[in-house]
Amino acid sequence: AIKNTPGCFLPLASRILPYIGPVLNKPQQQPNGLVAGSLDLLTMLLKASVCDSIVQNAPTDVVKAAYDVCFDAIIRIVLESDDHSEMQNATECLASFVSGGRQELLFWGSDSGFTMRSLLDAASRLLDPDLESSGSLFVGSYILQLILHLPSQMGQHIQNLIVALVRRMQSASIEGLRSSLLLIFARLIHLSAPNVEQFINLLMTVPAEGYQNAFVYVMSEWTKQQGKFLAGEIQGAYQIKVTTSALALLLSTRHPELTNINVQGHLIKSISGITTRSKAKSAPDQWTIVPLPAKILALLADALIEIQEQVRDAEDEDSDWEEIHGDMDSDKDLLSSAAATPFGRSGYEHLEAMAKAYNENQEDEYEDNILSVTDPLNELNLANYLADFLLKFSQSDRQLFENLCQ
């Protein structure tokens, strides 16, 4: 409430930072919970500063002041702490520092190379496959900021990053951690465009325990999780846009490896009643197995239908959607209609509709997504994108499209 009051943010920060600095620099000497709470308070200040930096298109003085007081201490907490609350909040702090400071962050200290190494050391510890998943929980958001705002520095470490991401995913016991790392793979696919085939080839050179290679593992996990993305069970509108559009980019490559991979299709037999561990072992859910390209096409169609239905509900069954619902026979007519109004709206209105569609609390969504608003993909009109992609895909190779639809 104080930070949102006009004229109060900078005085608030100037009062908080002198007290937070000593707490974070001597974390072992503090009462239980004080370090995690201080990190949480600092992250709130940094996120507010990120808002200012977006408006002004420049880092704010608050981010620089916080860097001088706390940055080295936060790096040490990530590298040394065993307290999961401290590690989670410190990771969020680092993500906010990178988002607010961007390239300038590297030159605030006396040695830009040392600052970058510190950021990479923190990432390395958080991606350690032997670290408990709870301690790594927010590493996805942190890695995302590194690749968005320090792309040239991260580019030279991309293969090592992929190896670490795969190992951390395979050892993760928390579904939310795995899904956040899948988002990183999706964002890397966008960054590799128009050379997505090269990124696939790179993934195929990386090992994954129990799988032929990392590409097979990632796609197996991704296609299982994507339905939960679309249902709004995991993450939010930004994550849905990035992962869904990345699947379209993968399918558009027609890479020969795609057809060699079979993944989980749809549920054909589920356990009824209360599921115990022994019951799940003796009678697990049964799924069809389908080729990866067919599964991707199904997920893209699901996404378009989900958006159509949810926005129609949010707009009280707008008459435009009644026309679409009346004719489901022609795929071209359906896709063309889906790309028309009401999806031909401004970026803000579309984001608002997506937020309603996935039942996100506006205030929570704002806090969660403030670090992703600077990503150009955040402005993507997903319905238009999917409709355009599916039309072009069906027209460029009609036989393949019809085979996949079967």
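The values are calculated or read from the model by the stated rules, or taken from the named source; none is laboratory data. None of these values were measured; they are calculated from a predicted model. Glycine also receives a Cβ, built like all others from the backbone with ideal geometry; neighbour counts cover every protein chain displayed. What goes into the accessible areas is simple: the full protein's heavy atoms, side chains included, and nothing from ligands, DNA or RNA. Shrake-Rupley method; radii C 1.70, N 1.55, O 1.52, S 1.80 Å.
Numbers at a glance
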quantity	calculated
Relative contact order computed over the stretch 1-128 (Cα-Cα under 8 Å; 6+ residues apart), in percent	25 percent
Flagged links, alpha-carbon separation over 23 Å, of 224/392; 241/392; 241/295; 47/224	224/392; 47/224
Karplus 3J(HN,Hα) series, Hz, for the stretch 42-48 with 6.51 cos²θ - 1.76 cosθ + 1.60 (x for Gly, Pro)	5, 4, 4, 5, 5, 5, 5
Cα pair distances in the stretch 71-184, grouped into 5 Å bins until the bin that holds the longest one, percent each	2, 13, 25, 26, 20, 10, 3, 1
Accessible solvent surface per residue of the stretch 1-128, calculated while the other protein chains remain in place, 1.4 angstrom probe, Å²	46 Å²
Cα gyration tensor category, rounded, prolate or oblate, for the stretch 1-128 with a/c compared to 1.5	oblate
Stretchable slack from residue 301 to residue 117, in nm (0.36 nm times residue separation minus alpha-carbon distance)	62.0 nm
Built amide H within the under 5 Å cut-off of residue 206, gap 5+	214, 215
Net length gained if the chain between residue 398 and residue 8 were fully extended (0.36 nm per residue, minus Cα distance)	134.4 nm
Ordering of 252-258, 63-69, 2-8, 90-96 by packing [mean C-beta count within 10 Å, highest first]	90-96, 63-69, 252-258, 2-8
For residue 265, distant residues with modelled amide H under 5 Å away	288, 289, 290
Packing-based ranking, highest mean first, of 162-173, 27-38 given that Cβ atoms within 10 Å are counted	162-173, 27-38
